[in-house]
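Below is one structure, written out as structure tokens, with a few remarks after it.
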Amino acid sequence: MWCDSFRFQIFCLLMAVLAIVVLVHNFFQLEHLDDDTVSGSSWITENNFEHSLSQTTKTARKPYCGYKQQTLSKREQVEQESLLAAIQWPKLPDDKIAFIQSTDPAHSDFVIVKPGRFFKVGDRLEVLVHMKDFQGKLKQYGGDYLQARIHSPLLKAGATGKVVDCHNGLYKVFFTLLWPGEVKVSVSLVHPSEAIQVLLRLREERPDRVYFKSSFKSGRYSETTECNICLLGDLPVCNFTDLYTGEPWFCYKPRKLPCASRISHAKGGYRKGLLTREESLFFQSDVNIKRPILSRGPDSVIVKPKALTDSSSIDRAEDSMVSPSGYYYEDQWRSRTHWIHHFNKSDDITKCLQGKVIHLFGDSTIRQWFEYLTAFVPDLVEFNLGSPKNVGPFMSVDLKHNILLKFRCHGPPIRFSTVFSSELRYIANELNGIAGGRNTVIAITIWSHFSTFPVEVYIQRLRNIRRSIIQLLDRSPKTLIIIRTANVQELGPEVSLFNSDWYSFQLDSVMRKMFSGIAVHFVDAWEMSLAHYLPHNLHPKEVIVKNQIDAFLSYVCPLQT
């Protein structure tokens, strides 16, 4: 009995020791998991990653598309459905339209409604556009994407028009006449309706048509793999989904290195062979991409000044949906939503920004603001952070006047050259780290790098940014936040498939709706680029950037009226 009892005690002791060993082992495993998670390398440790993936790929073999896995509240779902409905585009009557039956801008024309009537500043001008095919026949359905503006070249004046699709081959364009003199009308076909359907297909079916890559390195050994929001195939992946925003991002797992060894992100390239031979006919630079539509009859009207007894004035209550939001006169932008002061001297900018911290978040189009201010203001000196050229982050400092200007690119997807992994930051997370206050100014733009993805991806990104903005304004109501809109750009057959103005127009429409009703201000880069006489450019020329800066600074230092 004693022997049996002694053996039993030894057995119990061994079991207790074993239990302690298991607990200690699990404890360190949990610590390892937490370290891996915090580093942002993956939600799963490397050892467990392959096991977990093998279980998934054996049963599911589905593409990794993070935006399809997002869980929306009922309110978010309703908003998303409303946004998608608002930008829904007319469909073709037939899935296959022959090129000869597609829209031909050379055969199409426009007429000014009642061109001989008396016009004065403030009146509305209506234009009727007739779209025809390559046989000269009037089209019976809509869906073409048009851009229109009025302008007076001698006055360097210009404004955009509002296009209304009648869904029968006819389009109405409405302009507000905002200055006196001879005012010319210009209408352009950006894409025929047949091309728009191709762009729609590519957006939904080929979100991988721009691809990205990341480098992984350990010691002297390195590997590079493809990355994206969606990855197709059965290869193991590294999950770089952001822990705080839930923004999805995946890379194919390196063959020999762990996910945590990622050191950089970069644009990989553009897919080729996206179109059929027939589809490629809808994307021809000198035929149907941003081609002018000529007038049938007069293409201008004479506008008289307002009568001195006319006491009406423009409405300066800010509204992102006011159309047009402003106009050029003598090459200076005049907003219809807020008073603009033109900062023609560097001292005026220094006085406006004195004592302030300015954060610029987004892509290369808002990096232009950083470059303009740093070049124009002598005391604002760039501090060398050792960042890659054109990528950032960048910082300029004016110690004498206590000004700090910073630029940081938004998180993936971003088509920049090499960005260090440690510098891949999401705007929402950056906003959460800003204390804010009356001397904090934040400007944001985010659009161009989302044009190849389904709109749901963009909505999710804006939803996260909006949430962070609302929280920032709640804790620091005097923080100033400005949104720079998208802008038009030069288009060719290839660029159209990735960065068409139509894609940008759709995203810009979503952005304006999602940020309406909260305490942010808008710099309407879209109209500023479309209304100007200079050729369209993804990176607008300095005169346009200068007008954007004037609008921006006029929010920072509003005129006392």
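Work out, in µm²/s and without decimals, the Stokes-Einstein translational diffusion coefficient of the stretch 411-529 at 25 °C, 0.890 mPa s, Rh from Kirkwood over C-alpha pairs.
160
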At 7 Å along Cα-to-Cβ for each site, give me the label-to-label distance between Phe134 and Ile87 in nm.
3.1
For the residue pair Asp95 and Ile434, what label-to-label distance in nm results when each label sits 7 Å from Cα along the Cα-to-beta-carbon direction?
4.8
Going Cα to Cα from Lys162, which lysines come in below 20 Å? Please leave out same-chain ones fewer than 8 positions away.
Lys114, Lys120, Lys172, Lys184, Lys290, Lys513
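Mind giving me the FRET efficiency for Leu155 and Leu232? R0 is 45 Å, r the Cβ-Cβ distance, nearest 0.05 is fine.
Values: r = 54 Å, r/R0 = 1.19.
Using R0 = 45 Å, I get an efficiency of 0.25.
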Subtracting the Cα-Cα distance of Glu126 and Lys256 from 0.36 nm times their residue separation yields 40.3 nm
Report, to the nearest 10°, how far helix 46-59 tilts away from the longest principal axis of the Cα atoms in the chain, using its own Cα long axis and a range of 0 to 90°.
70
Rounded to the nearest 0.05, what FRET efficiency do Glu76 and Lys304 have when you use their Cβ-Cβ distance and R0 = 45 Å?
0.35
So what is log10(I(q)/I(0)) for the stretch 326-556 at q = 0.08, 0.09, 0.16 1/Å, when the Debye sum runs over its Cα atoms only?
-0.27, -0.35, -1.23
Find how much the distance from Cys166 to Glu330 grows on full extension, using 0.36 nm per residue of separation minus their present alpha carbon separation; answer in nm with one decimal.
55.6 nm
Full-extension gain in nm, Gln471 to Glu278, via 0.36 nm per residue minus C-alpha separation:
64.5 nm
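What is the calculated FRET efficiency for Val543 to Lys114, with r their C-beta to C-beta distance and R₀ = 35 Å, to the nearest 0.05? Before the final figure, lay out each step's value.
Details: r = 34 Å, r/R0 = 0.99.
So, using R0 = 35 Å, E works out to roughly 0.50.
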Distance between the C-alpha centers of the stretch 178-248 and the stretch 460-479? Whole Å please.
25
Kindly provide log₁₀ I(q)/I(0) values, in the same order as q = 0.08, 0.09 Å⁻¹, from the Debye equation applied to equal alpha-carbon scatterers of the chain.
-0.62, -0.77
How large is the accessible surface per residue of the stretch 207-270, computed with a 1.4 Å probe and reported in Å² as a whole number?
43
For the chain, give me the percentage of DSSP beta bridges that are antiparallel, rounded to the nearest 5 percent.
75
Among Pro93, Phe453, Leu199, which residue has its Cα furthest toward the positive end of the charge dipole of the chain, with +1 on Lys/Arg Cβ and -1 on Asp/Glu Cβ?
Pro93
Quick one: what are the phi-derived ³J(HN,Hα) couplings along the stretch 522-538, Karplus 6.51/-1.76/1.60 with θ = phi - 60°, whole Hz, x for glycine and proline?
10, 9, 7, 5, 4, 5, 5, 7, 6, 7, 7, 7, 5, x, 5, 8, 3
What are the extents of the Cα atoms of the stretch 472-552 along their three principal axes, in Å, largest first?
47, 26, 16
Between the Cα axis of helix 501-515 and the main Cα principal axis of the chain, the angle (0 to 90°, nearest 10) is 70
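The values are calculated or read from the model by the stated rules, or taken from the named source; none is laboratory data. Because the structure is a prediction, the values reported are computed rather than measured. We place every Cβ from the backbone using ideal geometry, glycine too, and count neighbours over all the protein chains shown. Ligands, DNA and RNA are stripped out before the accessible areas are found, and what is left, the full protein with its side chains, is counted by its heavy atoms. Shrake-Rupley method; radii C 1.70, N 1.55, O 1.52, S 1.80 Å.
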